[in-house]
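Working notes, structure below.
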Amino acid sequence: MPRSNPSDVPGRRTTRRTAVVVATVTLVIAVGAGIGVLALRRHADDDVASAPPSVTTTTVTRADLSDTRSLNGTLGYGPERLVKGAGEGVVTRLPKVGDTVARGKPLYWVNDRPVPVLFGGSPLFRTLDKPGLVGSDVRIVSDNLRALGYQTGSQPSRGTDGTRIGTGQALLTASLVAAIKKWQEALGLEASGMIGVGQVAVLTGPARVSAVKALPGDPVAGELLAVTEKVKLVTVPVGATEVAAITVGAAVVVALPDSSEIPATVASISQTVRGGGQDGGTGQGSPPTVDVLVAPTRAADVAKLDAAAVQVRFTTAVHKDVLAVPVGALVALREGGHALQLPDGGLVAVETGMFARGLVEISGTGVTEGLDVVTAS
């Protein structure tokens, strides 16, 4: 009996046909769903593209802007000043490095005679031995003895010959001579009331001995020692063409080697210009500089440092109460200049001034405090 083909069985033919139909329907549904997803995705992308982009805004504010500059400096005791002896005699005793110099106290000894210190701007250039002498040297003696507590008497406006006594001068009166005698007696000197050339050392103020250049037994007429300021200072060489922007008494900030910052002030500005000559064989001229001395506000801030390389931040200009925006709000115009962009896309032309700490000074028509502008995020 012949074997029948399974596919010829009526039930099986129906099942196969049904499977084909189901597969076809499933494929159509899948394709349709895919087309629908693509359509939805394209529609969503169109919505995103048509939405306006978000922007970051800021406001025009008023601020105080300052321009600063940091320069290298050296912490120490400032520049040395030579002390020279005068007159005749032999040096018999000298101070030690690090000793401090005080008004009225001996600085060195000549022929076993103490040479005390007076503060002033010029040395005593003649022997003061005659009442009636008028001069700046007399004024130095008078001012110092008064500061030491001696009664020097009043000063007349004219000398004994009727000559008017000028500013910075004084008359050697009987009262001043008496004060000189008392001072000499307190120092263990002969109370002669007379001061000869070389018998006192005149310095500009309190000082510290930084170097001893003579030896006991040397003639007094010569370089004896060097002194510096008594307190620690920072010496900053500043370009001669830029030093005009710095003023005595101005507040500055000193950055120490450990990156800490301390307050300080400008103590003095040298009148001497250094450099500006030709470097040997190079043909290059070194720029001229002027030394600026900066004094830390608190001596304790630098008590543990004998010498160090530091940086000093000077404020060179200040613009107060100006309109300002972040630098990122500036828009460079193709035709030149700058503008601010408003949130609606409009532009407002501005003039720029000082740039400081990420801000820029601005001005212009329509630029007011509180104005909203677009800025870079």
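Between Ser260 and Gln311, the modelled labels are 1.8 nm apart [label points 7 Å from Cα along Cα→Cβ]. With a ≥ b ≥ c taken as the square roots of the eigenvalues of the C-alpha gyration tensor of the range 147-216, please select rounded if a/c is under 1.5 and otherwise prolate if a/b is larger than b/c or oblate if it is not? Prolate, since a/c reaches 1.5 and a/b exceeds b/c.
In this structure Lys84 has an accessible area near 130 Å², from a 1.4 Å probe over the protein heavy atoms.
Summing +1 for each Lys or Arg and -1 for each Asp or Glu among the other residues whose beta-carbon sits under 15 angstrom from that of Gln341 gives -1.
Enumerate by residue number the GluC sites (Glu not before Pro) in the range 149-224 meeting two conditions: DSSP loop (anything except H, G, I, E, B), and at most 11 other Cβ atoms within 10 Å of the site's Cβ.
For GluC sites (Glu not before Pro) across the range 149-224 that sit outside H, G, I, E and B with at most 11 neighbouring Cβ atoms in 10 Å, the list reads Glu190.
Label point 7 Å out from Thr204 along Cα-to-Cβ: which residues of the range 152-195 have amide N under 11 Å? No residue qualifies, since no backbone N sits under 11 Å from the label point.
On the basis of the beta-carbon distance and an R0 of 30 Å, Ala300 and Thr247 show a calculated FRET efficiency of 0.70.
Placing a pseudo-label 7 Å from each Cα along the Cα-to-Cβ vector at Met194 and Val55 gives an inter-label distance of 9.1 nm. Classify the range 211-309 as rounded, prolate or oblate from the Cα gyration tensor: take a ≥ b ≥ c as the square roots of its eigenvalues, call it rounded if a/c is under 1.5, otherwise prolate when a/b beats b/c and oblate if not. It comes out oblate by the Cα gyration axes. Label reach from Asn111 (point 7 Å along Cα→C-beta): in the range 62-102, amide nitrogens under 17 Å belong to 85-93. Would you work out if the range 325-377 is rounded, prolate or oblate? Take a ≥ b ≥ c from the square roots of the eigenvalues of the alpha-carbon gyration tensor; rounded if a/c is under 1.5, else prolate when a/b is larger than b/c, oblate otherwise. Cα axes put the range 325-377 in the rounded bin. Estimated at the nearest 10 Å², the accessible area of Tyr150 is 50 Å² with a 1.4 Å probe. Remark: spin-label model distance Glu80-Thr167 equals 3.7 nm, labels positioned 7 Å along the Cα→Cβ axis.
I want the local charge near Ala174. Using Cβ-Cβ distances under 15 Å, sum +1 for each Lys or Arg and -1 for each Asp or Glu among the other residues.
Computed value for this residue: +2.
What you get for the range 249-377, charging only the Cβ of Lys and Arg (+1) and of Asp and Glu (-1), is a dipole of about 320 debye around the Cα centre. With a threshold of 27 Å on the Cα-Cα distance, the over-threshold entries among Lys105/Lys181; Lys96/Lys130; Lys230/Lys304; Lys181/Lys230; Lys84/Lys181 are Lys96/Lys130; Lys181/Lys230.
With the cut-off at under 14 Å, measuring from each backbone N in the range 121-149 to a point 7 Å along the Cα-to-Cβ line of Arg103 picks out 121, 139-149. Of Asp301, Asp258, the residue with the largest accessible area leads and the full order is Asp258, Asp301 (1.4 Å probe).
Available extension along the chain between Ala147 and Glu369 is 74.3 nm, counting 0.36 nm per residue and deducting the alpha carbon span.
The values are calculated or read from the model by the stated rules, or taken from the named source; none is laboratory data. Only a predicted model underlies this, so the values are computations on that prediction, with no experimental measurement involved. When we count neighbours, we look across all protein chains shown, and the Cβ atoms used for this are built from the backbone with ideal geometry, even at glycine. These accessible areas exclude ligands, DNA and RNA; they are computed on the full protein's heavy atoms, side chains included. Shrake-Rupley method; radii C 1.70, N 1.55, O 1.52, S 1.80 Å.
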